[in-house]
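Only one structure is covered here, and it is reproduced in the block below.
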Amino acid sequence: MKQNPTKRETGQADLDLLELAAAAGDIHLKYLDESGFSLWAQVCYTWAKKGEQKRIEQTTKKGRRLNICGLLEIDKSFEYGLALKNFNSQAYIQLMDWQAQKAQVKLVKSGVITVIVQDRGSIHTSKLVKERHAYWESQGLYLFNLPSYCSEMNRIENEWQRLKEDELAGRMFADEYELAIAVMEGVDARATKSGYEVQRYRFHSE
C-alpha cells in the first residue's frame, strides 16, 4: 500500500515545480536566509612545513556577531543587508518591503511575479509579518515556506558556505568594521566568480 508523502517530500516536489517555473521564465525565484560572522573566522585546512604548525593570531576579544540576511536569485543577483544586532520581524519587514518594491517593478514590466523561498523561522512567520502578506502579494511578491528542518533545500546555504570557506576562512579581524568590509568584499568576489549582480540594503533605525 502506498504511503502518504511526508511534508519533506511534498515540500521538495513543490520547490521543484517552482524551480522549473523559474527556469522557464514564468516567475522570479529567490532564496532567503540569515547567517553570521565573527572576528574569529573559522579555521581552514592548509599546508605547512613538516614539523611546523600553522598559527593564527587571535584578537583579544571575539567581538559582536555581524549578521547578514541575503536573497539569492541563481545566476542573476545577490541582495543583502548587514546588522550588528540580531534580525527581528521589523528588520525582516523592512527588507521585504524593499523586495516588494522591486517585485512590483518586475510585475509591471514583464507580468512575472517574484517568489521567495525561506525557512519557517519565527521572524518570517510572526503575526506582524503575516499581517504584511496581503500588501506584498498586491505588489507581486509571494512567499514559499520550506518544511521544518529542511534547510538543505535552500540553495543560498551553499553561498554562505563558499563565502565563509573561500573568502574569509582563517582570517582574524581587529574590529566589527574591518569584518564588515571583509564580508562585503567577499560577497563582491563571489559575485565576480559566479557572474551575478550584487546590491546591499541599508537598514534604517526605527
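Every read-out reported here was derived from the displayed coordinates using simple, explicitly stated rules and does not represent laboratory data. A quick note: this is a predicted structure, and the numbers were derived from the prediction, not measured. As a convention, Cβ positions derive from the backbone with ideal geometry for all residues, glycine included, and neighbour counts pool all protein chains shown.
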Specify the inter-centroid distance of region 67-84 and region 3-29, based on alpha-carbon positions, in whole Å.
22 Å
Once the Cα atoms of helix 89-110 and of the chain are each reduced to a long axis, what angle between those two axes, in degrees from 0 to 90 to the nearest 10, is obtained?
60 degrees
Share of alpha-carbon pairs per 10 Å distance bin for the chain, given as whole %
8, 30, 33, 18, 8, 2, 0
Full-extension gain in nm, residue 9 to residue 202, via 0.36 nm per residue minus C-alpha separation:
65.8 nm
Packing-based exposure ordering (other Cβ within 10 Å, fewest first) of 177, 80:
177, 80
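With runs of 4+ DSSP H residues as the only contributors, calculate the mean residue ellipticity of the chain at 222 nm using -39,500 (n - 2.57) per run, divided by the residue total and rounded to the nearest 500.
Per the formula, -11500 deg cm²/dmol.
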Please list the equivalent ellipsoid semi-axes of region 146-206, computed as the square roots of five times the alpha-carbon gyration tensor eigenvalues, in descending order and whole angstrom.
22, 17, 15
What's the center-to-center distance, using Cα atoms, between region 101-138 and region 172-187 in Å?
30 Å
Residue among 122, 112, 150 farthest towards the positive dipole end of region 92-188, charges placed on Cβ
112
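Taking neighbour counts of Cβ atoms within 10 Å as a proxy for exposure, in what order, fewest first, do 19, 159, 73, 152 appear? If you can, show how the numbers build up before the last one.
Details: 19 15, 159 22, 73 18, 152 11.
Sorted ascending by nearby Cβ count, the order is 152, 19, 73, 159.
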So how do 203, 87 line up by other beta-carbon neighbours within 10 Å, fewest first?
203, 87
